[in-house]
Amino acid sequence: MPSISGQVCQQRAQGAHSHYRDYYGELEPNIADMSLLPGGTVYMGTDKPHFPADREAPERQVKLNDFYIDKYEVSNEAFAKFVLHTNYTTEAERYGDSFLFKSLLSPLEQKNLEDFRVASAVWWYKVAGVNWRHPNGVDSDIDHLGRHPVVHVSWRDAVEYCKWAGKRLPSEAEWEAACRGGKERKLFPWGNKLMPRNEHWLNIWQGDFPDGNLAEDGFEYTSPVDAFRQNIYDLHNMVGNVWEWTADLWDVNDVSDNPNRVKKGGSYLCHKSYCYRYRCAARSQNTEDSSAGNLGFRCAKNA
């Protein structure tokens, strides 16, 4: 059987459908891999923000209707199926580059890419040839990462996948309600203790950031989408592993062509010393066209 990458290339060589929008609604959403969350009034945000500039505060109540949300982050396997059906090209592929963390680059590569280092986050580099097919460097592939989350996908890429699947991105309020799992005012999906029973329940950075990830949770980079303990709604990896896009604008008054969108959950690169954002109430943002090696998504659907 061809590799995941090989299947995509093989299908394109045979003349895959080029107009992916023709497929919208063709597939019935697979709700077997989704959880139904009850509507009602829920809390979101916190009155004890760790990052005031991120607008975590104030804690407030919001009303939600019943909705479905994916149990897992969208995997490379699932995204490859989307590309096979639609011939879709991600924004990172069209731009020709995406952002990689420094530990995925050799010292020589870091030196050669000095002009492409992100000034505000010096451990990130813009690297040519990196995209969802080559997530950890231009010479990497996803052949053994089928059940890992797809990364290097922009908000727009995520929206197109969701449309094809008959779904949509969750709102920030829906995402946060799903993360909390009915545990109001708790830091994590399981409560306030990071390591219950001294066990790792999420994929984040252990050790000294940014130069010494001990990977005590078992993963230096992404983990499979079904790794770690699920919450009460049977949802995996709601915090840690990869950031997840939501539907919401960061600034509701932003009418630019490339506004910032809210992302939630933190990632395998988060460490309390600089990015204590693997909490349900935490949030951050990126422009719609942004992509990186720790940024993915999951889908939602109206009930």
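A few comments on the model shown:
- Computed from the C-beta positions of THR41 and TYR274, the FRET efficiency with R₀ = 45 Å rounds to 0.85.
- Relative contact order (percent, whole number), the chain, Cα cutoff 8 Å, 6+ residue spacing: 23
- Residues THR46, THR90, THR41 in ascending order of nearby Cβ atoms (within 10 Å, fewest first): THR41, THR46, THR90.
- Chain lengthening between GLU184 and ASP143 when straightened (0.36 nm per residue, less Cα-Cα): 10.8 nm
- Fewest-first ordering of ARG229, ARG283, ARG197 by other beta carbons within 10 Å of each residue's beta carbon gives ARG197, ARG229, ARG283.
- When SER75, SER273 are arranged by Cβ crowding within 10 Å, least crowded first, meaning fewest neighbours, the order is SER273, SER75.
- Spin-label model, GLU77 to ALA121: label points 7 Å out along the Cα-to-beta-carbon direction sit 2.9 nm apart.
- With helices as the sole contributors, the chain gives -4500 deg cm²/dmol at 222 nm; each DSSP H run of n ≥ 4 counts as -39500 (n - 2.57), and the sum is divided by every residue.
- Model label sites at HIS50 and ASN198, defined 7 Å from Cα along the beta-carbon direction, differ in position by 2.3 nm.
- Gain on full stretching of the segment that runs from SER106 to ASP251 - 0.36 nm per residue minus C-alpha separation: 48.4 nm
- For region 33-114, the Kirkwood radius over C-alpha pairs fed into Stokes-Einstein at 37 °C and 0.692 mPa s yields D = 185 µm² per second.
- The modelled label-to-label distance between GLN61 and ASP234, using points 7 Å beyond Cα along the C-beta direction, is 3.0 nm.
Only the coordinates and a few stated rules stand behind these numbers; no lab work does. This structure is a prediction, so every number in the text was calculated from the model and none was measured. Note: ideal-geometry Cβ built from the backbone for every residue, glycine included; neighbour counts use all protein chains shown.
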